[in-house]
Amino acid sequence: MRDGLLLRAVKRVTRWRFQADLTMHRALRRARGDRPYLLGGECRRCARCCEAPAIQAGRAVWYLPTLRRAFLWWHRRVNGFELMNRDPQARVFVFRCTHFDHATRTCDSYDSRPGMCRDYPRNLLAQPNPEMLPGCGYRPVAPNSAAFLRALQSASVSGDTLARLKRDLHLEK
């Protein structure tokens, strides 16, 4: 299901707005002194992030039926996301992307994909303990990982313990 000309134009405007909001949000976080994780590794083209995109909804969208219907309509009509599941504890909607081809593991509308798809996995890096999908080539790296590694090496930490700390503290690039 490739996007038509009008839908591509709508998505382009939406992506511009998404990028502007994201840039402003990240600038405000940096100004407050927040230091998110850095992104290490590279994409292995596993496409696990495309199999079941999930979006966490705000309280208003989750609890107000009119906003929820508008939110789900938008994602169904504009992004091609069909609702598959809901996680009430985390206020997350899980979708199936109609643009994802399971046989080739590719997106038929890659050039007009939504901002959330373009920003993955960077959108996870502000979490307290980001976890990438299994098999993903990306990994979070602590912003001060070099200093941590030097401190651990000067403390003469044993090999097994050092390996565990590198993994658990996200110190490997």
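Derivation of every value follows stated rules applied to the coordinates shown; laboratory data play no part. Here the structure is a predicted model, which means the values were calculated and not measured. FYI the Cβ positions are ideal-geometry reconstructions off the backbone, even for glycines, and counts take in every protein chain you see.
A few remarks follow.
- Using just its DSSP H runs of length 4 or more, each adding -39500 (n - 2.57), the chain gives a mean residue ellipticity at 222 nm of -12000 deg cm²/dmol after division by all residues.
- The chain: most fluctuating residue of G115, G135, G80 per GNM, C-alpha cutoff 10 Å: G135
- Here is the list for segment 14-107: GluC sites (Glu not before Pro) lying in DSSP coil, each with at most 13 other C-beta atoms within 10 angstrom of its C-beta, are E42.
- Ranking A31, P53, G41 by how far each Cα lies toward the positive end of the dipole of segment 15-62 (charges on Cβ) leaves A31 at the top.
- Cα centroid separation - segment 112-152 against segment 1-60, whole Å: 14
- Nearest-ten-degree value, helix 159-168 long axis tilted from longest Cα axis of the chain: 30
- Once the Cα-Cα distance is subtracted from the 0.36 nm per residue extended length, the A31 to H102 segment shows a gain of 21.4 nm.
- For segment 5-141, the spread of Cα positions along each principal axis, largest first, Å: 38, 38, 32
- Comparing S156, S109, S145 in a Gaussian network model of the chain (Cα springs below 10 Å), the most mobile by mean-square fluctuation is S156.
- Helix 5-31 vs. the chain, principal-axis angle (Cα, 0 to 90°, nearest 10): 30
- Of the trypsin sites (Lys or Arg not before Pro) found in segment 1-109, those in coil by DSSP whose Cβ has at most 16 other Cβ atoms within 10 Å are R2, R32, R44, R45, R91, R105.
- GNM flexibility winner over the chain from Y110, Y63, Y120 (Cα, springs under 10 Å): Y63
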